[in-house]
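Asker: If you scroll down you'll find the structure; I have some questions about it.
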Amino acid sequence: MPLHLDPNDRAKLTAAYHAMDFIEDGMKVGLGTGSTAAWLVKLLGARRHLEGLEILAVSTSEATEALARKMKIPTTTLEEAGWLDLTIDGADEADADLTLIKGGGGALLREKIVATASDRMVVIADPAKMVETLGAFPLPVEVVKFGWEASQSLVRDILEDSDVEGSRILRRMRDGAPFVTDEGHFILDLHLGRIGDPEGLAADLLSVPGVVETGLFTDIAETMVVGLPSGEAVFH
Ligand code: 5RP
């Protein structure tokens, strides 16, 4: 039965499909979070079933872990795996240097830990994720619950000192309750419009007590696979 997908979903599926070529028998693989990464997990489950591919996976979120189990992909913890051959994950934005904004799905902390414990990070995305300058997508910043408002004030001061305009919004669920990450933290979404110096901004934000991690991924991604609705992919 043919799959009826909108062009964006087709692009995401295509990116995941082409990224499968990076996965080899015997590898330990980090599995990302989000709708593009979900395609990867489904394709990987199917490939294991059809080809008997032996891999061991580490999930970057509880949601991905649940999907991986459903697809009968063997998973373990990062502690058990130790080091990974490869992590494949989505992104909210990527520039030409493959600096990323991640965390739209709220998994940025585990995603960064898993990606940096891997020989290689491959990003999979639809074409809309490639941007000239990062920042149109709100930058997620993970903060501990305790004193989060104090952390937010210090984040505001940093933005003002660096002449970056923008608002900070505590991420909430549909019912109005704060969104809580898998690690039990809150997320501040920074609406900045434009991020001129990602590395500098990330360092400044990480200097705030209570800030656990930012969604800026600099010098982590090695390859990006941009899927097109046509079924072709462009590699960066
Ligand atoms: C989750 C992420 C995702 O990779 C990012 O939000 C992209 O998601 P999608 O593939 O659904 O567009 O960083 O924390």
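Coordinate-derived values only; no laboratory data. Everything numeric in this text was worked out from a predicted model, so none of it was measured. Every residue, glycine among them, receives a Cβ derived from its backbone with ideal geometry; neighbour counts consider all protein chains shown.
Asker: Pop a pseudo-label 7 angstrom from the Cα along the beta-carbon direction at both Trp83 and Ser153 and give the gap in nm to one decimal.
Answerer: So the label points at Trp83 and Ser153 sit 4.5 nm apart.
Asker: Given the chain reduced to its alpha-carbon atoms as identical point scatterers, what log10 I(q)/I(0) does the Debye formula return at q = 0.07, 0.18 Å⁻¹?
Answerer: Results for the chain at q = 0.07, 0.18 Å⁻¹ read -0.22, -1.34.
Asker: Now for a separate question. Using DSSP to call loops (not H, G, I, E or B), can you name the trypsin sites (Lys or Arg not before Pro) in region 99-205 whose Cβ has at most 10 other Cβ atoms within 10 angstrom? Working shown, then result.
Answerer: Working: sites: Lys102, Arg110, Lys112, Arg120, Lys129, Lys145, Arg156, Arg168, Arg171, Arg172, Arg174, Arg194; in loops: Lys102, Arg120, Lys145, Arg171, Arg174, Arg194.
Sites meeting the loop and neighbour criteria: Arg174.
Asker: P(r) for region 28-145, please, calculated from all Cα pair distances in 10 Å bins and given in %.
Answerer: Once binned at 10 Å, the Cα pair distances of region 28-145 give 14, 45, 31, 9, 0.
Asker: For the pair Glu232 and Ala117, what calculated FRET efficiency results from E = 1/(1 + (r/R0)^6), where r is the Cβ-Cβ distance and R0 = 41 Å, to the nearest 0.05?
Answerer: Once rounded, the FRET efficiency stands at 0.85.
Asker: Taking θ = phi - 60°, what integer Hz values does the Karplus form 6.51 cos²θ - 1.76 cosθ + 1.60 yield along region 129-134, in sequence order, with x for Gly and Pro?
Answerer: Coupling constants for region 129-134: 7, 7, 10, 6, 10, 5 Hz.
Asker: In a Gaussian network model over the chain where Cα atoms closer than 10 Å are linked, find which of Ile101, Ile73, Ile88 has the largest mean-square fluctuation.
Answerer: Evaluated over the chain, the most mobile residue of the options is Ile73.
Asker: Through the Karplus equation 6.51 cos²θ - 1.76 cosθ + 1.60, θ set to phi - 60°, convert the phi angles of region 192-201 into ³J(HN,Hα) values in whole Hz; use x for Gly and Pro.
Answerer: In residue order, the calculated couplings are 10, x, 8, 10, x, 10, x, 5, x, 5 Hz.
Asker: Moving to a separate point now. Whose amide H sits under 5 Å from the amide H of Thr87, counting only residues 5 or more places off or on another chain, with H placed in the peptide plane?
Answerer: When sequence neighbours closer than 5 places are left aside, the close amide H contacts are Gly30, Arg120, Met121, Val122.
Asker: Gain in length, Glu54 to Asp219, computed as 0.36 nm per residue apart minus the alpha-carbon separation, to one decimal in nm?
Answerer: 56.5 nm
Asker: Identify which of Leu201, Leu109, Leu84 has the largest mean-square fluctuation in a Gaussian network model of the chain, with springs joining Cα atoms closer than 10 Å.
Answerer: Leu201
Asker: Sticking with this structure for a sec: Per residue of the chain, what 222 nm ellipticity follows from adding -39500 (n - 2.57) for every DSSP H run with n ≥ 4, rounded to the nearest 500?
Answerer: -9500 deg cm²/dmol
Asker: Assign one of three labels to region 116-236, namely rounded, prolate or oblate, based on the Cα gyration tensor with a ≥ b ≥ c the square roots of its eigenvalues; rounded applies when a/c is under 1.5, prolate when it is not and a/b is larger than b/c, and oblate otherwise.
Answerer: Details: a/c = 1.84, a/b = 1.62, b/c = 1.14.
Verdict is prolate for region 116-236.
Asker: Determine ³J(HN,Hα), in whole Hz, for all residues of region 19-35 in sequence, where each value follows from phi through the Karplus function 6.51 cos²θ - 1.76 cosθ + 1.60 and θ = phi - 60°; x replaces Gly and Pro.
Answerer: 6, 4, 4, 7, 8, 10, 3, x, 6, 9, 10, x, 9, x, 10, x, 6
Asker: Taking 21 Å as the cut-off for C-alpha to C-alpha distance, list the pairs among Lys28/Lys145; Lys28/Lys112; Lys70/Lys102; Lys12/Lys42 that go past it.
Answerer: Check vs 21 Å cut-off fails for Lys28/Lys145; Lys70/Lys102.
Asker: I'd like the per residue volume of the convex hull spanned by the Cα atoms of region 165-236, given in cubic angstrom.
Answerer: Taking the convex hull of the Cα positions in region 165-236, it is 174 Å³ per residue.
Asker: Next up: Tell me the relative contact order for the chain as a rounded percent, counting alpha carbon contacts under 8 Å between residues six or more apart.
Answerer: Averaging sequence separation for qualifying contacts and normalising by length gives 25 percent for the chain.
Asker: OK, next. Where is the GNM fluctuation largest for the chain (alpha-carbon springs, 10 angstrom cutoff): Ala177, Ala117, Ala81?
Answerer: Evaluated over the chain, the most mobile residue of the options is Ala177.
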